[in-house]
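Note sheet for the following structure.
The values are calculated or read from the model by the stated rules, or taken from the named source; none is laboratory data. As the structure is a prediction and not an experimental result, all values here were calculated from the model. Here the Cβ positions follow ideal geometry from the backbone for every residue, glycine too, while neighbour counts run over all protein chains shown.
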Amino acid sequence: MKKNRILVFICFLPFQLFAQQKWNLKECIDYGLKNNRNTVIYANEKEEADAKAKEALADYLPKLSVSGTFDDNLKVQESVIPAGAFSPVPIKIAFTQKYNTNGTAQLDQTIYDQSLLTGLKANKYNKQQADLNIKQSQETIIYNISNAYYQIYVYREQLNLLKGNLDTYQKQIGISKLQVKKGVALQKDLDKVTVDYNNAVSQIRIAESNLTLSENQLKYEMGYPIGDKLPVDSVSQRDVIKTVVTEAAVKPFEAGQRTDYQLSEVNSKLLEIDQSRIRAGALPKLTGYVKYGAVGFGKTIGPAFSDPNPFSAVGLKLNIPLFDFFKRNAQYNQARYKSLNAVENLKLDAGKYQLEYENAKTKLIKAQSNLWDDQRNIDLARSVFKTTDLQYQKGTTNLADWITAQNSIKDSQNSYLNSLYSYFQAIIDLEKAGGTLNTFYNSL
C-alpha cells in the first residue's frame, strides 16, 4: 500500500507543480507574443509584402501568351482591285474563306523600362515596412500586457490594505459591543464603526470586481482563453521595477529607436522612389518578342483546322511616350510634394518624440517621488493610529479621534495606490516613448 501511495504521489507531482505555477510578467508577454491574434495579422501582411515584391519582379520576367480564334464568316469580306491593273473593270476578290482559324503563341521580354527598374527598389522598403509593422505590433502587445499586469498588482495591493482595515474595524466592533453592553459607550459609537466596516466590505467587493476585470483584460491581451484560470505572480515585480527605473533614468534618447519613426523613414523612402518612378515613365521602353502561329482557311470547318499555314516572327518594339507630359508632370509634382512633406514630418516627429520622452521621464521621476512619500505617509498614519488606539483603550481619548486616525490611514492608502498605479504607468510610458519596450521585455 505504501509503495502504491508513493507511486501515485510521484505520478501526480508534475500536475501539482504545474497547477501551482504562477505567471510572471515575462511569461505573460512570451505567451502574448505567440498567441495574440494581431501577430497572425501582421505575419500575413509580411507575406503580402513578399507577394508584392514578386509581383513587381514579374513585370521584368518573360511573359508567354497563347491565343486562338475561330471565325465563321457568315458573309465573307471582299476587297476591290481597281480597274486597269488586271482588268478594264474593277475586280472584287475575297482574301479569306467562310471558316478561318488563327492560333498564336508569343513570348515578350522587357529589355529596358526604367520605371520598372526604379519600382523594383521599393521591394526592399516594402519588406522593411512589413517587418517594422510586426515589431510595432509586438511593442503594442508588450505595452498592453504590462499595463494589465500592473493593474492586477495594484488591485491586489488595494485588497490587502482593505482587508487589513476590515480586520481593524472588526476588532473595534467587538470592543464597542462590549462597551455598549457595559454602558460605557453609546450605541451611536458602535454604529459609526459599523458604518465604516460596511464601507470597507463594499470597497473590497469593488476591488475584487476590478481585479477580475483586470485579469480578463490581461487574458485578452495575451490571447489566453478567458474562461481558463490564469494564476498571476505580481510579487516578483518589486525587484524588476527597481532595475527598470535605474536604467530608464540614464538612457539617452534617440528618435531612430522608435518604431513609428522608422516606419516614417521607410515611407519617406518609398515616396522618393515613387517620385523617381513617375519621372522614369518619360523614358523609352524597349521590348523584344518572339511569336509563332498558324492560320487555317476552308469552305468547310475541317480544312480550317486540318491544314494550317504556319508563320513566325522575331522583333523589337520601342515605345516612346510623347504627348502625356502634362499628366506625368502633374503626377510627378504630387509625388514630389508628398516626399517633401514626409521629410518635414520626420523632423516634426523627432521633436514630438523628444518631447514625449522628456515628459515621460519627468512623470516617472515625479511618480517615484510621490510613491516614496505616500509609502512614508502610510507608516506615519499607522504610527499615529497605533498611539491613538492605545490611548482609546486606556480611555484617554474618544472614538472620534480613533476614527479620524483610521481615516487618515485610508486616505494615505488611497494616495499610495494612486501613486503606485501612476508609477507603473510612467514606467511603461517611458519605455514606449524611448522606443525600448523590447529592451524592457528582454530585461525582465
Just one of K124, K177, K163, K182 is at pLDDT 90 or above and of a type in the set (K, R); which is it? K163
Here are some conditions: (1) among the β-branched types (V, I, T); (2) surrounded by fewer than 12 Cβ atoms within 10 Å (Cβ to Cβ); (3) under 27 Å from Y261 (Cβ atoms). T300 meets all but one. Which one does it not meet? (3)
Search region 67-88 for residues being surrounded by 10 or more Cβ atoms within 10 Å (Cβ to Cβ) and among the β-branched types (V, I, T), and hand back the single one that is nearest to A122 (Cα to Cα). T69
Does region 207-218 include one or more residues that are closer than 30 Å to F385 by Cβ, in a helix (DSSP H, G or I) and of a type in the set (D, E)? yes
Looking at region 185-206, which of its residues are in contact (Cβ under 8 Å) with a residue 24 or more places away in the chain, hydrophobic (A, V, I, L, M, F, W, C) and assigned to a helix (DSSP H, G or I)? V193, A200, V201, I204
Is it the case that some residue within region 371-391 is among the aromatic types (F, W, Y), over 24 Å from R156 (Cβ atoms), in contact (Cβ under 8 Å) with a residue 24 or more places away in the chain and surrounded by 13 or more Cβ atoms within 10 Å (Cβ to Cβ)? no
So I91 fits all but one of (1) β-branched (V, I, T); (2) surrounded by 13 or more Cβ atoms within 10 Å (Cβ to Cβ); (3) modelled with pLDDT of 80 or more; what number is the exception? (3)
Would you mind telling me which numbered condition in (1) surrounded by 15 or more Cβ atoms within 10 Å (Cβ to Cβ); (2) free of Cβ contacts under 8 Å to residues at least 60 places away in the same chain; (3) under 31 Å from the mean Cα position of the chain (by Cα) K347 fails? (1)
I need the full set of residues from region 315-324 which are of a type outside the set (D, E), assigned to a loop (DSSP other than H, G, I, E, B) and surrounded by 10 or more Cβ atoms within 10 Å (Cβ to Cβ), in order please. P321
Out of region 53-82, which residues are closer than 30 Å to K285 by Cβ and among the acidic types (D, E)? E55, D59
Single match in I365, I428 (criterion: of a type in the set (A, V, I, L, M), surrounded by 17 or more Cβ atoms within 10 Å (Cβ to Cβ), in contact (Cβ under 8 Å) with a residue 24 or more places away in the chain and part of a helix (DSSP H, G or I)): I428
Out of the residues in region 129-176 that are more than 18 Å from the chain's Cα centre (by Cα) and of a type in the set (G, A, S), which is surrounded by the most Cβ atoms within 10 Å (Cβ to Cβ)? S176
Failed item in (1) at pLDDT 90 or above; (2) surrounded by 16 or more Cβ atoms within 10 Å (Cβ to Cβ), with G281 passing the rest: (1)
For T246, state whether it is at pLDDT below 90, hydroxyl-bearing (S, T, Y) and either touching a strand residue (DSSP E or B) at 6+ places or on another chain (Cβ under 9 Å) or more than 30 Å from K63 (Cβ to Cβ) (or both). yes
Just one of L190, L213, L218 is modelled with pLDDT of 90 or more and crowded, with 17+ Cβ neighbours inside 10 Å; which is it? L218
L120 vs. criteria under 30 Å from K192 (Cβ atoms) and either within 15 Å of the chain's Cα centre (by Cα) or aliphatic (A, V, I, L, M) (or both): no
For region 131-152, does any single residue satisfy the condition of being part of a strand (DSSP E or B), at pLDDT 85 or above and of a type outside the set (K, R)? no
From the list S312, S339, which residue is hydroxyl-bearing (S, T, Y) and either closer than 30 Å to S115 by Cβ or part of a helix (DSSP H, G or I) (or both)? S339
